[in-house]
Amino acid sequence: QVQLVESGGGLVQAGGSLRLSCVASGMLFDVNAMAWYRQAPGKQRELVAAITRSWSTNYADSVKGRFTISRDNAKNTVYLQMNSLKAEDTAVYYCNRPSAPFGWGRGTQVTVSS
């Protein structure tokens, strides 16, 4: 059974940084593209960033230049470095595949105070 465990969220002031981590188990991590999503209160879940098995990346326009996705296949972990955070980045952040997602983990809450 696939398990995705996100961590690293917290409360940060606008302009600050956070680094999220997601550890995956029960899957062949290194052959899968992975992604970070977020869901703000009252909004649909949206894809924020994705990374392929060959380390190609893409980002939502709203986070380009501020967020960086990376992966460590030896640790079955995908990361999201978030810099220059804004109040509108406040959301619960999840990791999963960018297509045919597995069951969702609990996510990690990111709250940016303005």
Check: In Å, what is the Rg of the alpha-carbon atoms in the chain, and how long is Dmax?
Finding: 13.1, 40
Check: At a 1.4 Å probe radius, carbon and sulfur cover how many percent of the accessible area of the chain?
Finding: 47 percent
Next item on the list: Taking the Cβ of Ser62 as the centre, find all other residues whose Cβ is under 15 Å away and add up their charges (Lys, Arg: +1; Asp, Glu: -1).
Entry: +2
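Would you mind counting up the charge near Arg45? Only other residues with Cβ under 14 Å from its Cβ, with Lys and Arg at +1 and Asp and Glu at -1.
+2
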Margin query: At R0 = 35 Å, how high is the FRET efficiency between Ser113 and Val2 if r is their beta carbon distance? Nearest 0.05 is fine.
Written below: 0.55
Check: Got a sec? Which residues in region 93-114 would a label at Ala33 touch, if it sits 7 Å along Cα→Cβ and we count backbone N under 20 Å?
Finding: 94-105
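The values are calculated or read from the model by the stated rules, or taken from the named source; none is laboratory data. Keep in mind that this is a model prediction, so the values were computed, not measured. All Cβ positions, glycine included, derive from the backbone under ideal geometry; neighbour counts span all protein chains shown. Just so you know, the surface numbers come from the protein's heavy atoms only, side chains and all, with ligands and any DNA or RNA stripped out. Shrake-Rupley method; radii C 1.70, N 1.55, O 1.52, S 1.80 Å.
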